[in-house]
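Q: My questions will all concern the structure given below.
The values are calculated or read from the model by the stated rules, or taken from the named source; none is laboratory data. Note that the structure is predicted; figures quoted are calculated from it, not measured. Cβ sites come from the backbone with ideal geometry, for glycine too, and all protein chains shown count toward neighbours.
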Amino acid sequence: MRIFDPHIHMTSRTTDDYEAMRAAGVLAVVEPAFWLGQPRTSPASFYDYFDALLGWEPFRAAQFGVAHHCALALNPKEANDPRCTEVLEELPRYLVKDSVVAVGEIGYDSMTPAEDHALAAQLQLAADHGLPALVHTPHRDKLTGLRRTVDVVRESALDPERVLLDHLNETTVEAAKDAGCWLGFSVYPDTKMDEQRMVAILAEYGPERVLVNSAADWGRSDPLKTVRTGEAMLRAGFSDDDVDRVLWRNPVEFYGLGGRLDLGPAAAAGALHEGNSVLRGGE
């Protein structure tokens with residue numbers, strides 16, 4: 001089983017996670033920019049974070065045989081903080097970087113006017129830079145949020161076929177599919193989706209343009225939930241080809257829309273990043 005996790009926050013994970021993921025067949029990841037759990041107090045902290053997603057994290061992933069790309073954006077939650085909105089003006093200089101394969105996470109948290117503005121502005125940035133967009137649908141009042149998101153996408157310059165609507169569930173999948181967007185599902189230990197619910201959705205709606213991710217972060221999450229989902233699909237009677245389509249070919253196709261996806265190794269084992277390695281205390 002080969003796996004591409006299309007939404008995982010490896011900045012929050014340990015090197016042990018990279019080792020376990022690679023051993024289980026996770027060969028590639030996309031790490032979208034997100035809220036770190038504590039509010040940032042200035043745009044400069046975003047820029048350091050973006051630089052880490054472009055430099056240190058791909059280097060760290062490569063030491064364990066995992067190809068790392070990122071999506072960059074002002075996340076929905078912090079779009080409401082006036083101290084952070086300057087990031088929208090600086091994003092273009094980051095979106096031209098080779099390892100940026102999408103604009104994201106963008107979308108809604110509380111569905112405020114500030115979030116409306118940030119979503120529309122960043123969909124335009126995606127269109128301007130020839131990139132697809134990874135859109136976070138809200139965790140509360142999900143169907144209302146999904147419909148509002150779709151309205152903004154339809155008003156934008158970005159084709160819905162270049163938009164991935166993430167964090168979907170049974171209440172939002174049909175409307176997202178009808179909108180012509182790609183369908184993203186986060187599989188978590190306690191919240192969002194689980195493997196059995198994911199298999200039921202795949203049985204009803206099919207594997208076309210469906211992406212499954214772990215969205216593993218600083219909370220209780222599991223970077224091997226993609227693996228567990230593939231195993232659950234096989235137990236439910238899906239073919240190896242179906243599993244490969246959902247867990248590998250679909251994310252490759254979606255993130256390949258921007259023309260930058262490179263699934264080769266990002267760095268040679270034993271190399272240094274700005275004089276540093278992932279080792280401590282020598283080899």
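Q: Restricting to strands (runs of 3 or more DSSP E) lying wholly in segment 131-245: which have 2 or more residues that are touching an Asp or Glu at 6+ places or on another chain (Cβ under 9 Å)?
A: 133-136, 182-186, 210-213
Q: Assuming ASP98 fulfils every condition listed in (1) in a loop (DSSP other than H, G, I, E, B); (2) more than 21 Å from GLU31 (Cα to Cα) apart from one, which condition is it?
A: (2)
Q: Same structure again: Select, from LEU95, LEU54, LEU72, LEU88, the only residue that is touching a Phe, Trp or Tyr at 6+ places or on another chain (Cβ under 7 Å) and not aromatic (Phe, Trp, Tyr). Steps first, answer last, please.
A: Working: LEU95 fails: touching a Phe, Trp or Tyr at 6+ places or on another chain (Cβ under 7 Å); LEU54 fails: touching a Phe, Trp or Tyr at 6+ places or on another chain (Cβ under 7 Å); LEU88 fails: touching a Phe, Trp or Tyr at 6+ places or on another chain (Cβ under 7 Å).
From the options LEU95, LEU54, LEU72, LEU88, the qualifying one is LEU72.
Q: Restricted to segment 52-66, and to residues that are assigned to a helix (DSSP H, G or I) and over 17 Å from the mean Cα position of the chain (by Cα), which residue is nearest to TYR94 (Cα to Cα)?
A: Initial filter on segment 52-66 (assigned to a helix (DSSP H, G or I)): 52-54, 56-62.
When the remaining residues are screened for being over 17 Å from the mean Cα position of the chain (by Cα), the result is 56, 59-60, 62.
Numbers: TRP56: 15, PHE59: 18, ARG60: 20, ALA62: 21 Å.
The residue in question is TRP56.
Q: Suppose the filter is farther than 18 Å from ALA215 by Cα and surrounded by 23 or more Cβ atoms within 10 Å (Cβ to Cβ); does LEU146 pass it? Give the derivation first.
A: On the way: farther than 18 Å from ALA215 by Cα: yes; surrounded by 23 or more Cβ atoms within 10 Å (Cβ to Cβ): yes.
Spelling it out, LEU146 is indeed farther than 18 Å from ALA215 by Cα and surrounded by 23 or more Cβ atoms within 10 Å (Cβ to Cβ).
Q: So, one more: Take the residues in segment 67-81 that are farther than 21 Å from PRO132 by Cβ and either of a type in the set (Asp, Glu) or touching a residue at least 40 places away in the same chain (Cβ under 8 Å) (or both); name whichever of them is surrounded by the fewest Cβ atoms within 10 Å (Cβ to Cβ).
A: Restricting attention to segment 67-81, the residues satisfying the condition of being farther than 21 Å from PRO132 by Cβ are 77-78, 80-81.
Checking the rest, the ones that are also either of a type in the set (Asp, Glu) or touching a residue at least 40 places away in the same chain (Cβ under 8 Å) (or both) come to 77-78, 81.
Numbers: LYS77: 17, GLU78: 21, ASP81: 14.
Per the criteria, the residue is ASP81.
Q: Can you tell me which of ASN213, ASN169 is closer than 26 Å to ASP242 by Cα, in contact with a strand residue (DSSP E or B) (Cβ under 9 Å, 6 or more places away or on another chain) and surrounded by fewer than 21 Cβ atoms within 10 Å (Cβ to Cβ)?
A: Numbers: ASN213 fails: surrounded by fewer than 21 Cβ atoms within 10 Å (Cβ to Cβ).
It is ASN169.
Q: Return the residue satisfying two criteria in turn: it lies in segment 156-200 and is at pLDDT 95 or above and of a type in the set (Phe, Trp, Tyr), and of such residues it is nearest to PRO223 (Cα to Cα).
A: Here the answer is PHE185.
Q: Would you check if there is a residue in segment 220-237 being in contact with a His (Cβ under 9 Å, 6 or more places away or on another chain), polar (S, T, N, Q) and either buried (at least 19 other Cβ atoms within 10 Å of the Cβ) or modelled with pLDDT of 80 or more (or both)?
A: Taking segment 220-237 and keeping what is in contact with a His (Cβ under 9 Å, 6 or more places away or on another chain), we get 221.
Then drop every residue that is not polar (S, T, N, Q), which leaves 221.
Next cut, either buried (at least 19 other Cβ atoms within 10 Å of the Cβ) or modelled with pLDDT of 80 or more (or both) only: 221.
Checked against the condition, which is being in contact with a His (Cβ under 9 Å, 6 or more places away or on another chain), polar (S, T, N, Q) and either buried (at least 19 other Cβ atoms within 10 Å of the Cβ) or modelled with pLDDT of 80 or more (or both), segment 220-237 yields at least one hit.
Q: Follow-up question, since we're still on this one. Does PHE34 satisfy the condition of being within 20 Å of THR229 (Cα to Cα) and either in contact with a helix residue (DSSP H, G or I) (Cβ under 8 Å, 6 or more places away or on another chain) or modelled with pLDDT under 95 (or both)? Step through it out loud before you land on a result.
A: On the way: within 20 Å of THR229 (Cα to Cα): no; either in contact with a helix residue (DSSP H, G or I) (Cβ under 8 Å, 6 or more places away or on another chain) or modelled with pLDDT under 95 (or both): yes.
It is false that PHE34 is within 20 Å of THR229 (Cα to Cα) and either in contact with a helix residue (DSSP H, G or I) (Cβ under 8 Å, 6 or more places away or on another chain) or modelled with pLDDT under 95 (or both).
Q: Also: Which residues, counting only those in segment 101-126, are part of a loop (DSSP other than H, G, I, E, B) and either touching an Asp or Glu at 6+ places or on another chain (Cβ under 8 Å) or among the β-branched types (Val, Ile, Thr) (or both)?
A: Here is the first cut: in segment 101-126, the residues part of a loop (DSSP other than H, G, I, E, B) are 108-112.
Listed by number, the residues that qualify are TYR108, ASP109, MET111, THR112.
Q: Still on this structure: Please verify whether segment 73-87 includes one or more residues that are touching a Gly at 6+ places or on another chain (Cβ under 9 Å), at pLDDT 95 or above, aliphatic (A, V, I, L, M) and farther than 22 Å from LEU27 by Cβ.
A: Yes, because at least one residue in segment 73-87 is touching a Gly at 6+ places or on another chain (Cβ under 9 Å), at pLDDT 95 or above, aliphatic (A, V, I, L, M) and farther than 22 Å from LEU27 by Cβ.
Q: Can you run down the residue pairs with Cβ atoms below 7 Å, 6 or more apart or on separate chains, where the first is in segment 151-163 and crowded, with 16+ Cβ neighbours inside 10 Å and the partner is of a type in the set (Phe, Trp, Tyr)?
A: Here the result reads VAL163/TRP182, each pair linking segment 151-163 to a residue that is of a type in the set (Phe, Trp, Tyr).
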